[in-house]
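Here's the structure, in structure tokens; my notes come after.
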Amino acid sequence: MRALCILLPALLLSACGGQEDMDEYVLQTKARQPIPIEPLPEIKPFSPMVYQRNDERSPFIEPQPETSSKIDDKVKPDCAQIVASREKEVLERYSLASLSMKGSIGKQGQLWALINTPDGQAVRVGLNQYMGLDQGRIIKITNTHVDLMETVPDGKGCWVTRETQLAMANLDAKL
């Protein structure tokens, strides 16, 4: 017990010896040169745009597609024109690149395709229905793909048709 009373004060005094190291470190840190702070970026003064009512379109009216009278004058009477009298279908809001075929279902010899939209909706489509932004009419459905006949402008005021295909999404890649 007596030995413990002698050792305890000796241990406490030796623990305080680290204060000198701490004081030295603080002095070294204060003696270092401060790191310069980068200057703030230069701010360009704001200059508001003056709106001239006659020169530009109103920012409060939705822009209309441009029509060129030059193209309309050169339209050939025998070139194909598009008929815009039908109502757009649900899948005509999406580009073909954003749609994917997930499967097909059939009943009594008729086959339908299941098409996924970018927002996760599954839509069943059949022959002669439309999908895509280029008036793509479905002309053939198989177990692996959907064939479409699209109508696109040729740049000269006429419309031309082209065949395209929407293939089944690769299910093996996801597994």
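Determine, yes or no, whether Ala173 is exposed (fewer than 10 other Cβ atoms within 10 Å of the Cβ), at pLDDT below 75 and under 26 Å from the mean Cα position of the chain (by Cα). Don't jump to the end; show me each part of the working.
Numbers: exposed (fewer than 10 other Cβ atoms within 10 Å of the Cβ): yes; at pLDDT below 75: yes; under 26 Å from the mean Cα position of the chain (by Cα): yes.
Against the criterion (exposed (fewer than 10 other Cβ atoms within 10 Å of the Cβ), at pLDDT below 75 and under 26 Å from the mean Cα position of the chain (by Cα)), Ala173 qualifies.
Are there strands (runs of 3 or more DSSP E) fully within segment 109-152 with at least 1 residues that are touching a Phe, Trp or Tyr at 6+ places or on another chain (Cβ under 9 Å), among the β-branched types (Val, Ile, Thr) and over 12 Å from Leu99 (Cβ atoms)? List them. So that I can check it myself, show each step before the final result.
Numbers: elements: 110-116, 122-125, 136-141.
Strands (runs of 3 or more DSSP E) meeting the threshold: 136-141.
Given the condition surrounded by fewer than 10 Cβ atoms within 10 Å (Cβ to Cβ) and modelled with pLDDT under 85, answer yes or no: does some residue in segment 106-119 qualify?
Taking segment 106-119 and keeping what is surrounded by fewer than 10 Cβ atoms within 10 Å (Cβ to Cβ), we get 107-109, 119.
Then keep just the ones that are modelled with pLDDT under 85; that gives 109.
Yes: one or more hits.
Please specify each residue of segment 36-85 satisfying the condition of being of a type in the set (Asp, Glu), assigned to a loop (DSSP other than H, G, I, E, B) and at pLDDT below 75.
Going residue by residue through segment 36-85, those that are of a type in the set (Asp, Glu) are 38, 42, 55-56, 62, 66, 72-73, 78.
From what is left, the residues that are assigned to a loop (DSSP other than H, G, I, E, B) are 38, 42, 55-56, 62, 66, 78.
Those that are of a type in the set (Asp, Glu), assigned to a loop (DSSP other than H, G, I, E, B) and at pLDDT below 75: Asp55, Glu56, Glu66, Asp78.
Cβ-Cβ below 7 Å, separation at least six or inter-chain, first residue in segment 149-160 and in contact (Cβ under 8 Å) with a residue 24 or more places away in the chain and hydroxyl-bearing (Ser, Thr, Tyr), second assigned to a loop (DSSP other than H, G, I, E, B) and surrounded by 12 or more Cβ atoms within 10 Å (Cβ to Cβ): which pairs?
Cβ pairs passing all conditions: Thr151/Asp134; Thr151/Gln135.
Output the residue which, of all residues in segment 126-145 that are over 21 Å from Glu87 (Cβ atoms) and touching a Ser or Thr at 6+ places or on another chain (Cβ under 9 Å), is surrounded by the most Cβ atoms within 10 Å (Cβ to Cβ).
Initial filter on segment 126-145 (over 21 Å from Glu87 (Cβ atoms)): 140-145.
If we keep only those that are touching a Ser or Thr at 6+ places or on another chain (Cβ under 9 Å) as well, we get 141-144.
On the way: Ile141: 21, Thr142: 14, Asn143: 11, Thr144: 10.
The qualifying residue surrounded by the most Cβ atoms within 10 Å (Cβ to Cβ) is Ile141.
The values are calculated or read from the model by the stated rules, or taken from the named source; none is laboratory data. This structure is a prediction, so every number in the text was calculated from the model and none was measured. Note: ideal-geometry Cβ built from the backbone for every residue, glycine included; neighbour counts use all protein chains shown.
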